[in-house]
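Peer 1: Take this structure first; my questions come after.
FYI, it's all coordinate maths here, none of it is from the lab. Note that the coordinates shown come from a computational prediction; the quantities given were computed from them, not determined experimentally. Cβ atoms come from the backbone with ideal geometry, glycine included; neighbour counts cover every protein chain shown.
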Amino acid sequence: MIQVPRGTQDILPSESYKWQFVEKKLFEIAKNYNYDEIRTPMFEATELFVRAVGGSTDIVNKEMYTFQDKGDRSLTLRPEGTAPVVRSYIENKMQHNVEQPVKLFYLAPMFRYERKQKGRYRQFVQFGVEAIGVEDPLIDVEMLSMLMHIYQSFGLKNLKLVINSIGDIDSRTQYNKALVEHFSPRIDEFCQDCQTRIDSNPMRILDCKKDRDHELVKSAPRIYDYLNDESKEYFERVKSKLDDLGIKYEVDYNLVRGLDYYTHTAFELMSDSEGFGAITTLCGGGRYNGLLEMMDGPDKTGIGFALSIERLLLALEAEGIEIPEEKGIDLYICTMNDEARDTAGTLLHKLRSRGISADMDYENRKLKAQMKDADRKNASFTIVLGEDELSRKSADLKEMATGEAQKLSFEEIINTLEEL
Ligand code: HAM
């Protein structure tokens, strides 16, 4: 039997209503903060991610779904949304838009060849936002405020916002040198990945899951001490505005993020719920000041974040928050014989074309079973069609909640339901 590919899932109707609910709310909040939707292709030139996300990152090194197309181009199913959005900003010359920053959001599947685990999929859906074109601590704060707004609007409480500043490229170069000096003498005590990271991306040693308790990680130099005055002041302004707004956060100097394009403000939102599983990061993001120029674009900066719907739903489950299921149809037509079934088919056609949701039995079941079916489908009204009803071209329109019924012609039934 052919099965769903490893690390992917079918979202069945018993779950899809939750997705619809969550997605609708995310769209509303994006609108609230004045972000517009952008849709980019599901695959991009591989080079885009190698350059933007970074050749030494796990995403690029281990996790990309890369293939040659028939024209011998190397393409990659997008593993994240920031690089494509930045590509589009540059390609469509959005730096000339009158309104800056350009505020964009996306809701789209991403693909990463990762080890399957609770909350970790090979295809997952990210909701992400990017504000490109202006650098201002207030925009960083807007991001964090929107992020908290999203999670809190679902009633989630067990949340921990962690922030850090990873400075500009110069500060990071100095800091990376200090890390190499710090870790090099005892790097053989670290995992294989970290032994590679010391050459390619020493900062990533700080958030290695395997080595996080090593004493050298705990005693490592702090990025904050390597930030220049400008970066420090920027970070202070972000923090002070967060305090102003009453947005709670923790500073974690070891938060470095897994993608190379970040500068200055970086953040993650974790779930604090018990039993959430090993992976507690719900959302991550940060500022990317050098990225556009690195992509041969204009001298513009950006900031954004992304969350996956899968992990948001897990967080809701962990906190016992239920999503209302708005299931139901306006009318269910019960039928007593074949002729009635035929007439029901015609009526359904008319009802639906007038915007009324309606259904009938297709299995030739007994009346009692059809009524049960109407209940299961949460029908607001029912009618029963038998010989009498067909000859009179009328039926009793019964309201299920009250049990009340009124005799109406077929046309009147349609009109009544349409008005309702
Ligand atoms: P990221 O930290 O790689 O950042 O991913 C962001 C979020 O996507 C994670 O916090 C998590 O909720 C979700 N996620 C990542 N991988 C998986 C997975 N395998 N299964 C389920 N969920 C997953 C980025 O992607 C950046 N583009 C975020 C960003 C936007 N930075 C600036 N702008």
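Peer 1: May I ask you to derive the relative contact order of the stretch 331-419, considering only C-alpha pairs under 8 Å and at least 6 residues apart, and to give it as an integer percent?
Peer 2: 32 percent
Peer 1: Now a separate question. Run the simple label-point estimate for residue 391 and residue 68 please: 7 Å along Cα→C-beta, distance reported in nm.
Peer 2: 7.7 nm
Peer 1: Along the positive direction of the dipole of the chain (beta-carbon charges: Lys, Arg +1; Asp, Glu -1; about the Cα centre), which of 403, 288, 3 reaches farthest?
Peer 2: Positive-end residue among those listed: 3.
Peer 1: Mind checking the alpha-carbon convex hull of the chain and giving the volume per residue in Å³?
Peer 2: That works out to 212 Å³ per residue.
Peer 1: Moving to a separate point now. Please list the non-local residues whose amide H lies under 5 Å from the amide H of residue 259, H modeled 1.01 Å from N, same-chain partners needing a gap of 5 or more.
Peer 2: When sequence neighbours closer than 5 places are left aside, there are no close amide H contacts.
Peer 1: Please give the charge dipole size of the stretch 246-364, origin at the Cα centre, charges +1 on K and R Cβ atoms and -1 on D and E Cβ atoms. Round to the nearest 20 debye.
Peer 2: Using only the charged Cβ atoms, the result is roughly 480 debye.
Peer 1: 222 nm [θ] for the chain, helices only, -39500 (n - 2.57) per DSSP H run of 4+, per residue, to 500?
Peer 2: Using -39500 (n - 2.57) per qualifying helix, the result is -11500 deg cm²/dmol.
Peer 1: Same structure again: Please work out the C-alpha center-to-center distance from the stretch 128-174 to the stretch 54-120 and express it in whole Å.
Peer 2: The stretch 128-174 and the stretch 54-120 have Cα centres separated by 19 Å.
Peer 1: Given a Förster radius of 51 Å and the C-beta distance between residue 250 and residue 95 as r, what FRET efficiency does 1/(1 + (r/R0)^6) yield to the nearest 0.05?
Peer 2: 0.90
Peer 1: Mind ranking 199-210, 118-129 by how tightly packed they are, going by the mean number of other C-beta atoms within 10 angstrom, highest first?
Peer 2: So the peptides 199-210, 118-129, ranked by packing, come out 118-129, 199-210.
Peer 1: Right, another one. Work out how much length residue 233 to residue 180 would gain on full extension: take 0.36 nm times their residue separation and subtract the Cα-Cα distance, in nm to one decimal.
Peer 2: Gain in length upon complete extension: 16.4 nm.
Peer 1: Something else about it: Cβ neighbours within 10 Å, averaged per peptide: list 323-329, 343-349 in order, most packed at the top.
Peer 2: 343-349, 323-329
Peer 1: Applying the Karplus parametrisation 6.51 cos²θ - 1.76 cosθ + 1.60 with θ = phi - 60° to the phi angles of the stretch 24-30, what ³J(HN,Hα) value in whole Hz is obtained for each residue in order, glycine and proline being reported as x?
Peer 2: 4, 5, 4, 4, 5, 5, 4
Peer 1: If we sort 263-276, 152-165 on the protection proxy, mean other Cβ atoms within 10 Å, highest first, what's the order?
Peer 2: 263-276, 152-165
Peer 1: Could you identify which residue out of 302, 355, 277 has the top mean-square fluctuation in a GNM of the chain using Cα springs shorter than 10 Å?
Peer 2: Of 302, 355, 277, the most mobile in the Gaussian network model is 355.
Peer 1: In addition: Please report the relative contact order for the stretch 22-176, taking Cα pairs under 8 Å with a sequence separation of at least 6, and give it as a percent rounded to a whole number.
Peer 2: The value is 21 percent.
Peer 1: What list of ³J(HN,Hα) couplings, whole Hz, do you get for the stretch 244-261 from phi and the Karplus terms 6.51, -1.76, 1.60, once you set θ to phi - 60° and write x for glycine and proline?
Peer 2: Each residue's phi maps through the Karplus curve to give 3, 7, x, 8, 7, 8, 10, 8, 10, 5, 8, 6, 10, 6, x, 10, 6, 7 Hz.
Peer 1: Shifting gears a bit: Mind putting a number on the dipole of the stretch 115-192 about its Cα centre? Charges go on the C-beta only, +1 for Lys and Arg and -1 for Asp and Glu, and I need it in Debye to the nearest 20.
Peer 2: 820 debye
Peer 1: Based on the Kirkwood radius over alpha-carbon pairs, what is the Stokes-Einstein translational diffusion coefficient of the stretch 331-419 at 37 °C with 0.692 mPa s viscosity, in µm²/s?
Peer 2: It comes out at roughly 257 µm²/s.
Peer 1: Report, in debye and to the nearest 20, how large the dipole of the chain comes out about its Cα centre when Lys and Arg carry +1 and Asp and Glu carry -1 on their Cβ.
Peer 2: The dipole magnitude comes to about 800 debye.
Peer 1: Let me ask something additional. Cα centroid distance between the stretch 241-292 and the stretch 335-361, in Å?
Peer 2: So the two Cα centres are separated by 54 Å.
Peer 1: May I pose another question? Among the listed pairs 18/350; 103/232; 177/300; 24/116; 103/241; 160/209, give every one whose C-alpha distance is greater than 24 Å.
Peer 2: 18/350; 103/232; 177/300; 24/116
Peer 1: Extending each Cα 7 Å along its Cβ direction at residue 149 and residue 399, get the distance between those two points in nm, one decimal.
Peer 2: A separation of 3.9 nm, rounded to one decimal place.
Peer 1: Can you tell me which of 92, 337, 61 moves the most in a GNM of the chain? Springs connect C-alpha atoms under 10 Å apart.
Peer 2: So, out of 92, 337, 61, the one fluctuating most is 337.
Peer 1: Hey, rough spin-label estimate for residue 354 and residue 378, points 7 angstrom out along Cα→Cβ, what's it come to in nanometres?
Peer 2: Roughly 2.4 nm, to one decimal.
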